[in-house]
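Report on one structure; see the data block that follows.
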Number of protein chains: 2
Amino acid sequence: MNSISELQDFIINGHKHYMPHISIDAAIFGYHDHQLKILLSGYKAMGGYCLPGGYIKRTETLDEAANRIVAESTSLTDLYLKQYKTFGDPDRIKWNELDFEKFSKEVGVPYIKDSWLIDQTISVGYYALTDFSLVTPKAGLLSDSCNWFNIDKIPPLLYDHDQMVKDSLHTLRTQLYYYPIAEKLLPAKFTLTEIHAVYETLLGKKLDIRNFPKKLVFLGLIKKLNEKRNIGPHRAPFLYKFDLKKYTKALETGTTLT
Amino acid sequence: MNSISELQDFIINGHKHYMPHISIDAAIFGYHDHQLKILLSGYKAMGGYCLPGGYIKRTETLDEAANRIVAESTSLTDLYLKQYKTFGDPDRIKWNELDFEKFSKEVGVPYIKDSWLIDQTISVGYYALTDFSLVTPKAGLLSDSCNWFNIDKIPPLLYDHDQMVKDSLHTLRTQLYYYPIAEKLLPAKFTLTEIHAVYETLLGKKLDIRNFPKKLVFLGLIKKLNEKRNIGPHRAPFLYKFDLKKYTKALETGTTLT
DNA sequence: CTTTATTGTGTAAAATTTACCAAATAGAAA
DNA sequence: TTTCTATTTGGTAAATTTTACACAATAAAG
């Protein structure tokens with residue numbers, strides 16, 4: 001939790017810099033070595049976990065705001081980041097004057113009537129992807145903790161964030177063959193075994209180790225390099241790199257890459 | 001244009017019923033007999049055309065608001081309707097005090113300083129689909145006209161609405177095999193030739209007349225009925241109907257239907 | 001030079017897509 | 001009645017793509 005004065009200023013003057021009624025919530029997925037995790041913020045005052053989120057500055061585009069919000073909890077920018085859906089049920093967040101009074105008391109801030117934070121908010125959902133081993137999660141201005149959770153051990157989340165996780169993961173999986181999603185997850189030069197593991201883990205299912213890379217190479221999404229990597233007492237695997245031009249070209253023409 | 005008093009009330013008191021900073025813009029596509037059109041609202045005060053749009057009531061979900069907004073210009077509800085993207089560049093709408101003063105003068109409403117309409121708005125993009133021959137377009141509270149435009153004769157639109165048309169059409173086309181999009185465009189019982197024409201027109205390309213229906217039947221998306229239609233001096237074609245269960249099941253399991 | 005673990009080529013079988021011929025109508029015209 | 005015209009469809013061969021899997025090719029340690 002940040003300084004009380006900073007929080008207080010946000011509650012009183014936030015609407016001058018941020019737009020009310022609209023927030024961004026980010027499903028930040030982390031991959032490393034066959035494991036898929038998601039970043040969750042803990043809120044003591046509300047007694048539960050949420051996806052990291054925040055408001056949009058009046059000077060920012062949505063993508064810029066999402067980048068900033070992701071950076072606040074990961075300290076990383078330039079992750080693979082994509083908008084997937086906007087959530088706008090008026091009942092999705094039940095956050096009325098009473099809740100706000102309770103919240104103010106919990107965090108030790110004087111209660112402010114008619115705060116810009118009261119009232120319904122529509123939330124633009126983004127998902128992001130990174131290597132979780134590179135990230136030391138950081139709690140935000142309003143949250144008390146921030147940690148990686150294994151994708152199949154997610155606690156029940158507050159508000160409609162369970163639905164957000166479900167929708168974002170579904171989008172991530174369907175877009176895996178259309179966008180260079182895995183590109184930010186791997187070093188510039190990687191082996192077939194490495195990219196195979198990424199796809200298997202993100203999709204949550206087995207893929208034939210021999211046919212899978214053939215497909216990617218055939219589609220031109222990755223290119224074989226004339227280099228090998230030394231991996232100890234085994235045959236040295238060739239290195240590959242992404243061909244990002246292929247993705248953009250395929251997206252323009254609308255070609256299917258599955 | 002509606003009554004001045006109604007418009008004036010909207011400008012002064014709108015924020016009590018609608019959320020500021022967030023709007024919905026709908027790309028309403030109309031199909032009929034091999035033709036694809038789009039519905040555009042004309043604004044004299046701004047000298048151009050836009051997609052029909054509106055604000056979100058504080059009691060509505062996004063889908064409900066989109067339905068209402070679509071109904072305002074088409075007088076129809078229950079069209080195929082889908083959210084595709086949210087647009088949030090702070091520069092996407094340049095609508096400052098000066099513009100608003102000019103607008104107020106044009107429509108003959110006293111100028112109100114600090115109106116809730118001033119300032120940037122984020123817009124949630126929806127697309128809808130209907131049979132344009134069933135629709136008599138209707139201008140809204142702020143617009144002066146509303147008409148169908150052939151999809152390849154769209155005038156340059158205001159703000160970022162050209163991009164919206166492009167994105168929405170792209171989404172419509174990619175989703176055509178995954179969702180029962182054409183279902184609302186055809187009678188409950190239709191011939192293969194009819195659905196073939198719908199797909200060709202919406203996709204903007206030729207599809208093999210013999211293989212195309214075989215695919216739909218094989219996938220189980222449409223079912224052959226034991227009835228024929230009389231079409232004059234030619235062989236009577238069989239009638240088919242959509243199997244909506246197949247779509248929902250395929251969406252659950254994430255199966256690809258292309 | 002054998003063993004072990006992993007990479008990666010090649011290929012045959014299975015499944016799917018594509019192209020298109022020709023038969024089956026239904027009524028109009030001869 | 002018999003042709004003629006326009007359209008709907010069944011069927012099928014060829015082309016392409018996907019899937020399964022045998023086994024050859026390392027690299028280094030023992």
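The values are calculated or read from the model by the stated rules, or taken from the named source; none is laboratory data. Just so you know, these numbers come straight off a predicted model, no measurement behind them. Cβ atoms come from the backbone with ideal geometry, glycine included; neighbour counts cover every protein chain shown. SASA here: full protein model, heavy atoms, side chains in, ligands and nucleic acids out. Shrake-Rupley method; radii C 1.70, N 1.55, O 1.52, S 1.80 Å.
Give the residue, chosen from B:Ile69, B:Ile38, B:Ile28, B:Ile56, that is in a helix (DSSP H, G or I) and at pLDDT 95 or above. Walk me through it before giving the result.
Details: B:Ile38 fails: in a helix (DSSP H, G or I); B:Ile28 fails: in a helix (DSSP H, G or I); B:Ile56 fails: in a helix (DSSP H, G or I).
Only one candidate qualifies: B:Ile69.
Of all residues in the stretch B:103-122, count the ones that are open to solvent by 50 Å² or more (accessible area, probe 1.4 Å) and either within 14 Å of another protein chain (Cβ to nearest Cβ) or part of a helix (DSSP H, G or I) (or both).
4
Let me confirm something: among A:Lys215, A:Lys184, which residue is assigned to a helix (DSSP H, G or I) and near DNA strand D (Cβ under 8 Å from one of its atoms)?
It is A:Lys215.
Does A:Leu203 fit the bill of being surrounded by 15 or more Cβ atoms within 10 Å (Cβ to Cβ), touching a strand residue (DSSP E or B) at 6+ places or on another chain (Cβ under 7 Å) and not assigned by TED's automatic domain parsing to the domain that holds A:Phe100?
So A:Leu203 does not fit the description; no.
Taking A:Phe100 as meeting all but one of (1) farther than 23 Å from B:Gly125 by Cα; (2) surrounded by 14 or more Cβ atoms within 10 Å (Cβ to Cβ); (3) modelled with pLDDT of 95 or more, write down the number of the exception.
Going through (1) farther than 23 Å from B:Gly125 by Cα; (2) surrounded by 14 or more Cβ atoms within 10 Å (Cβ to Cβ); (3) modelled with pLDDT of 95 or more one by one, A:Phe100 breaks only (3).
Please go through the stretch A:1-43 and give me each residue that is more than 20 Å from A:Ala139 (Cα to Cα) and aliphatic (A, V, I, L, M), ordered by number.
Within the stretch A:1-43, A:Ile12, A:Met19, A:Ile22, A:Leu36 qualify.
Determine whether the stretch B:165-180 contains at least one residue that is open to solvent by 70 Å² or more (accessible area, probe 1.4 Å) and within 18 Å of B:Lys245 (Cβ to Cβ). Spell out how you get there, then give the answer.
Going residue by residue through the stretch B:165-180, those that are open to solvent by 70 Å² or more (accessible area, probe 1.4 Å) are B:166, B:170, B:173.
From what's left, within 18 Å of B:Lys245 (Cβ to Cβ): none.
No: the stretch B:165-180 contains no residue that is open to solvent by 70 Å² or more (accessible area, probe 1.4 Å) and within 18 Å of B:Lys245 (Cβ to Cβ).
Using the structure shown, decide if A:Lys215 is surrounded by fewer than 18 Cβ atoms within 10 Å (Cβ to Cβ) and touching a Phe, Trp or Tyr at 6+ places or on another chain (Cβ under 8 Å).
no
Would a scan of the stretch A:63-80 turn up a residue that is more than 30 Å from A:Ser133 (Cα to Cα), in the same structural domain as A:Cys146 (by TED's automatic domain parsing) and touching a residue at least 40 places away in the same chain (Cβ under 8 Å)? Before the answer, list the steps.
Filtering the stretch A:63-80 for residues more than 30 Å from A:Ser133 (Cα to Cα) gives none.
Checked the stretch A:63-80: no residue is more than 30 Å from A:Ser133 (Cα to Cα), in the same structural domain as A:Cys146 (by TED's automatic domain parsing) and touching a residue at least 40 places away in the same chain (Cβ under 8 Å).
Within the stretch A:218-253, count every residue that is exposed (fewer than 11 other Cβ atoms within 10 Å of the Cβ) and in a strand (DSSP E or B).
Of the residues in that region, 1 qualify.
Given the criteria of a type outside the set (Gly, Ala, Ser), part of a helix (DSSP H, G or I), within 13 Å of DNA strand D (Cβ to nearest atom) and open to solvent by 60 Å² or more (accessible area, probe 1.4 Å), does A:Thr193 qualify?
yes
Given (1) within 14 Å of chain A (Cβ to nearest Cβ); (2) in a loop (DSSP other than H, G, I, E, B); (3) within 16 Å of B:Ser41 (Cα to Cα); (4) of a type outside the set (A, V, I, L, M, F, W, C), where does B:Arg92 come up short, assuming only one miss?
All conditions are met except number (3).
Among the residues of the stretch A:230-248, count how many are near DNA strand D (Cβ under 10 Å from one of its atoms) and touching a strand residue (DSSP E or B) at 6+ places or on another chain (Cβ under 6 Å).
To start, the set of residues in the stretch A:230-248 that are near DNA strand D (Cβ under 10 Å from one of its atoms) comprises A:230-238.
After this cut, where a residue has to be touching a strand residue (DSSP E or B) at 6+ places or on another chain (Cβ under 6 Å) as well, the list is A:236, A:238.
Going through the stretch A:230-248 one residue at a time, the tally reaches 2.
A:Asp9 - would you say it is within 24 Å of the chain's Cα centre (by Cα), more than 14 Å from chain B (Cβ to nearest Cβ) and open to solvent by 60 Å² or more (accessible area, probe 1.4 Å)?
Taking the combined requirement at face value, the residue does not satisfy it.
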